[in-house]
Each structure stands twice: as structure tokens, then as C-alpha cells.
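J.: The structure under discussion is supplied below as C-alpha cells; questions concerning it will follow.
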Amino acid sequence: MSKIKLEGFILYKTKFQNTSLIFDFFTREKGRLSFIAKGALREKSKFLGELEFLNYLHVFFYYRENKGIYTLADTELIKSSEYIIKEPDVFFKLGELVSFIRKTIPQKEKHPEIYDKFKIMLRGIRNGKSYKAILYFFYFFLKFLGWKISFNNQCQCGNSANLNYLDYSNGSFSCNKCKKGFELNRNFYKDIEMLIFGNAKNLFIDKNKFMDYYLIFKKYLTYHIS
């Protein structure tokens, strides 16, 4: 059993007994792993301040394939998540997204494509583009789970205007005449298409649009997992 080093993000932590922590760690190479950090809550612990929600760090531990929980040997902080706490709305939405990740991705199931987009999202938040970064990740998260939203530029009737309805069962859009699915904000199709496939640098998403678009993605996801 060899000692290995992995980079990743803290998705969740909880107190264990009096002085230790158990945490959920999201990695590119091994998926989600569970760790116990013995003595992490002691005053002189070497882990103090490092095992915070969404901190980006290296963990060192002894890996064995059939183990359920690993004992943390050491850590190396790469980047603190303090920048996230400054935006309460963003912090709350990230907490929700993390709960969706933990609900839909089993332990040790590798999803490097989701991990990479998650990392890009956090970089976007750090660079002051929180709303676009979260929506960008949410779209690809749905896609990689198999629930793609299809920007096919026209309704099944052939109409390419006013695609303001989304069918949650298959991710297709329909027009104001067919009205198949749930009614959307009239800018949703254009804005999200631009965010994913167009010139996202010139796209402006304000707080109201962000909340509205995020809720659409959330309803689409919960339709499939509820």
C-alpha cells in the first residue's frame, strides 16, 4: 500500500467524535473519496484552516482500492475558498450544486469532465464572473449526467422564433404556439446559447436573470432525480 498525493476540493465535512473530522473530497483521478482527519479540531492540529468547504488542496494518504474511508496523512493548501464567502448568493448556490454532485455521483466513480468544469467554475467565481460561471457549469453538469438541453434552433413544428418552452422530459425547446413543456424567461434560450456556444465575454447576466436561469436548471435536474 503506497502513499499517494491527490488534488481536489472539499465538498462536505462533519465533526467526528470530539476532535476529528470526516470529509468528502472531489478528485479528478479517483472521483469522490471519504477521509477522516484525526485530531483536526485540536488547537495545534496541522490541519487547522485547511479543511474548509471548497478549499482546493493536495491530500496525502495511503490508498487501497477496497477501502471505504481513508486516513488523512497530510495536506498542502493550494487555494483557499475565502473568495466565495464574500458573495452570500453565490455561496448558497454552490452549496446546492455540491449537494447535487454528492447526490448524483457515487463514491469513487470518476468524472474528470465534471471535475474540470467544476474547477473552471470556481476560477470564474474567483475572477468576478460568478453568475456566468455557475450557469456554465450547471449546463455541462446536466449534459455529462445524460440530461442535455438541446439548442436545436427550432421547434418540432419547424418554427425557429420564440423558443420559450422547455420539455423537461427530453431537454428540447418548443415555440409559443406549440407550448410543449414549461414556460421560460423569453431571454433564456438566447442567453444560455450565447454563454455555451457564442461570445460569452459580451454576455451580461444580472442577479435576476441568474436566479431565474439557475432555477430552470434546478427544476430540470430535480425532474430527473426526484
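The values are calculated or read from the model by the stated rules, or taken from the named source; none is laboratory data. On a predicted model such as this, the values are computed, not experimentally measured, just so you know. Because the Cβ atoms are built from the backbone with ideal geometry, glycine has one as well, and the counts that use them run over all protein chains shown.
J.: Can you find even one residue in the range 140-149 that is touching a strand residue (DSSP E or B) at 6+ places or on another chain (Cβ under 8 Å) and either on the phi < 0 side of the Ramachandran plot or among the β-branched types (V, I, T) (or both)?
T.: For the range 140-149, residues touching a strand residue (DSSP E or B) at 6+ places or on another chain (Cβ under 8 Å) and either on the phi < 0 side of the Ramachandran plot or among the β-branched types (V, I, T) (or both): present.
J.: So if I check each of K180, K190, which one is farther than 25 Å from M121 by Cα, without any contact (Cβ under 8 Å) to a residue 60 or more places away in the chain and either outside the structural domain of K117 (by TED's automatic domain parsing) or of a type in the set (K, R) (or both)? Spell out the reasoning first.
T.: Working: K190 fails: farther than 25 Å from M121 by Cα.
Exactly one residue qualifies, and that residue is K180.
J.: Within the range 147-155, identify whether any single residue is free of Cβ contacts under 8 Å to residues at least 60 places away in the same chain, in contact with a Cys (Cβ under 7 Å, 6 or more places away or on another chain) and not in a helix (DSSP H, G or I), and answer yes or no.
T.: yes
J.: Please specify each residue of the range 67-94 satisfying the condition of being out of contact with any Leu (no Cβ under 8 Å at 6 or more places or on another chain), surrounded by 15 or more Cβ atoms within 10 Å (Cβ to Cβ) and assigned to a helix (DSSP H, G or I).
T.: The answer is Y83, V90, F91, K93.
J.: Could you list all residues from the range 12-48 that are closer than 24 Å to I101 by Cα, loosely packed, with under 14 Cβ neighbours inside 10 Å and without any contact (Cβ under 8 Å) to a residue 60 or more places away in the chain?
T.: Selection gives T14, K15.
J.: May I ask you to list pairs of residues, at least six apart or on different chains, whose Cβ atoms are under 7 Å apart, with the first in the range 59-74 being under 16 Å from F9 (Cα atoms) and the second being loosely packed, with under 13 Cβ neighbours inside 10 Å and of a type outside the set (K, R)?
T.: F61/T71
J.: Looking only at the range 205-226, how many residues end up being part of a loop (DSSP other than H, G, I, E, B), exposed (fewer than 14 other Cβ atoms within 10 Å of the Cβ) and modelled with pLDDT of 95 or more?
T.: Result for the range 205-226: 1.
J.: Just a yes or no: is a residue in the range 192-205 among the β-branched types (V, I, T) and closer than 27 Å to R32 by Cβ?
T.: yes
J.: Now for a different question. Going by the structure shown, is G39 over 11 Å from Y63 (Cβ atoms), in contact with a Ser or Thr (Cβ under 9 Å, 6 or more places away or on another chain) and either in a strand (DSSP E or B) or of a type in the set (D, E, K, R) (or both)?
T.: Spelling it out, it is not the case that G39 is over 11 Å from Y63 (Cβ atoms), in contact with a Ser or Thr (Cβ under 9 Å, 6 or more places away or on another chain) and either in a strand (DSSP E or B) or of a type in the set (D, E, K, R) (or both).
Each row is one residue, and each column tells you yes or no for (1) closer than 19 Å to K119 by Cα; (2) touching a Phe, Trp or Tyr at 6+ places or on another chain (Cβ under 8 Å); (3) of a type in the set (D, E, K, R); (4) in the same structural domain as G68 (by TED's automatic domain parsing).
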residue: L11; (1), (2), (3), (4): yes, yes, no, yes
residue: K15; (1), (2), (3), (4): no, no, yes, yes
residue: S20; (1), (2), (3), (4): no, no, no, yes
residue: T27; (1), (2), (3), (4): yes, yes, no, yes
residue: G31; (1), (2), (3), (4): yes, no, no, yes
residue: I36; (1), (2), (3), (4): no, yes, no, yes
residue: L41; (1), (2), (3), (4): no, no, no, yes
residue: L51; (1), (2), (3), (4): yes, yes, no, yes
